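The values are calculated or read from the model by the stated rules, or taken from the named source; none is laboratory data. Everything numeric in this text was worked out from a predicted model, so none of it was measured. Cβ coordinates were reconstructed from backbone atoms using ideal geometry, including for glycine residues, and neighbour counts include every protein chain displayed. For accessibility, only protein heavy atoms count, side chains too; no ligands or nucleic acids. Shrake-Rupley method; radii C 1.70, N 1.55, O 1.52, S 1.80 Å.
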Amino acid sequence: MTTEKSLNDAQELWSRTLSILQGKVSENTFHQWFEVIVPLALGDTTLKLGVSDDFFGEWLTENFGDILTNALQEAAGAPLQFQIESGHSRPAAPVPVSAAEEAPVPSSITQREVQQTAPNCNSRYTFENFVVGEENRYAFSAAQTAATSPGTFNPLYIYGGTGLGKTHLMQAVANYVKAMNPNAVVRYTTCEGFLNAYVDSLRNKTSAEFRDYYRNVDLFLVDDVHHLGGKEQLQEEFFNTFNAIYNAGKQIMMTSDKQPSEIKGLEARLVSRFESGVAAQITEPSFETRLAILRMKQEGQAFKLPDELLVFIAERISSHIRALEGARMRLVAFASAVGDSVPLTTEMASNLLGDMIDNEAEKNRVSIDRILDAVASHFNIKVHDITGSKRPKNIAEPRMVAMYLSRTLTDESLKDIGQAFGGRNHTTVIHAIKQVENDCRTNEELKRTVTALKRKLHARI
Ligand code: ADP
Ligand code: MG
């Protein structure tokens, strides 16, 4: 029976669980799958959660069961389990337009089911939301082929600089395949995520489960495989995973910041496997592509900048696409704050974006990878010590410094920095940044180290 106390306790625990989940899943997933859940009752070992219908409950359990259990147990500080009851949910959050909605729907799949996003993927990353220009046309069409005719281009290897849309394209493939066939086993992982899962499986003696999870798939997508470089044992496991999937005739897709042969410390047998399919490069976007992206990004937004300002941004910010979006958001924030009374001129825009335009070229060349290399060599440790899951004492400081530099010298989001550091949570990154800022006030040596590293990273330009 649900007492008032158990309901209050359930609500309180659920709101703590939600705050933990918020840092762990994409915003979209959070709105679509978690915010709509209604806490019902807290028992000794279970938290009962209300959802709209059985389908929702099954999907939630299948795709987010582990994340949910972990967050719940963290919030409760006890090994609680969740229990789903259908027929309760709040009205569902609006679902953003995605490939799933617009793609032709086979009659056997209901509209509800096609709105699925592949696990760990952002539902905004679709083919429809990807602007095609000369720089990415081949990669785009190869990705579409991988999605619609799996196994034809196998493996598919997309490479290019940061912020050019590699992850977007890869998740578009994942989302498309999942939308067309909800039963398809789609595994998207970053290279670091794969590493962490592998290390956990060794520690927990769950190698059989690990292999089963990554090898029995229809589609295997690994983001940023350049992180395999120099990690020998991981490469052995990856090689076996790759072969198992490839030999089963299933599609493999990888992204990287460089060609296989240019990845330092990558075994020859992997280089040749990676080169055996189709490789497509994405290069920096032209002015036309940049403008098209800006126009697309503001479609459907309540507040729109006039086209001349979009042209202004596209002309001045020429490198990666994340910076374009950052510039647009900055102008939108200003314009919506001052309202119609002060129309935004290009001169004002120039002032508002001043630092972005000036520093852009410089910021752009400092990547997380370069920061990791510089920090590792400064402290005389290995990059995977910094990004790995272990926490020995001598690694804590270099790791925090590297996170701090990644935040101050690049345009990467907290979430992406967390990802690049072995799939860590963005709150860990925030904590590291604050710690370095605080410590630099009192610790002269640390301050010198940070300054020296900054100088070194800029000097290599
Ligand atoms: P990468 O993985 O190459 O570093 P991402 O895929 O993370 O880059 O892209 C960075 C941001 O830019 C994302 O928000 C993505 O949606 C956007 N983006 C990149 N290329 C395009 C494109 N051609 N069309 C629309 N958005 C893009
Ligand atoms: Mg990426």
For segment 260-294, the count of residues that are under 14 Å from A139 (Cα atoms) and open to solvent by less than 70 Å² (accessible area, probe 1.4 Å) equals 7
If I go through segment 153-176 residue by residue, how many of them are among the aliphatic types (A, V, I, L, M) and either assigned to a loop (DSSP other than H, G, I, E, B) or within 8 Å of ligand 1 (Cβ to nearest atom) (or both)? 3
When residues of segment 390-413 are filtered for being closer than 20 Å to R370 by Cα and open to solvent by 40 Å² or more (accessible area, probe 1.4 Å), how many remain? 7
What about Y213, is it among the hydroxyl-bearing types (S, T, Y) and within 14 Å of ligand 2 (Cβ to nearest atom)? no
Condition first: touching a residue at least 24 places away in the same chain (Cβ under 8 Å), part of a helix (DSSP H, G or I), away from ligand 2 (no atom under 16 Å from the Cβ) and over 25 Å from the mean Cα position of the chain (by Cα). Can you find one or more residues in segment 279-298 that meet it? yes
Can you name every residue in segment 1-48 that is open to solvent by 80 Å² or more (accessible area, probe 1.4 Å) and modelled with pLDDT of 85 or more? Q11, E12, R16, Q22, D44, T45
Take the residues of segment 128-173 that are over 20 Å from H226 (Cα atoms) and among the charged types (D, E, K, R): which is nearest to ligand 2 (Cβ to nearest atom)? E135
Pairs with Cβ under 7 Å, 6+ apart, first in segment 132-146 and more than 11 Å from ligand 1 (Cβ to nearest atom), second of a type in the set (F, W, Y): A142/F153; Q144/F127; T145/F153; A146/F153
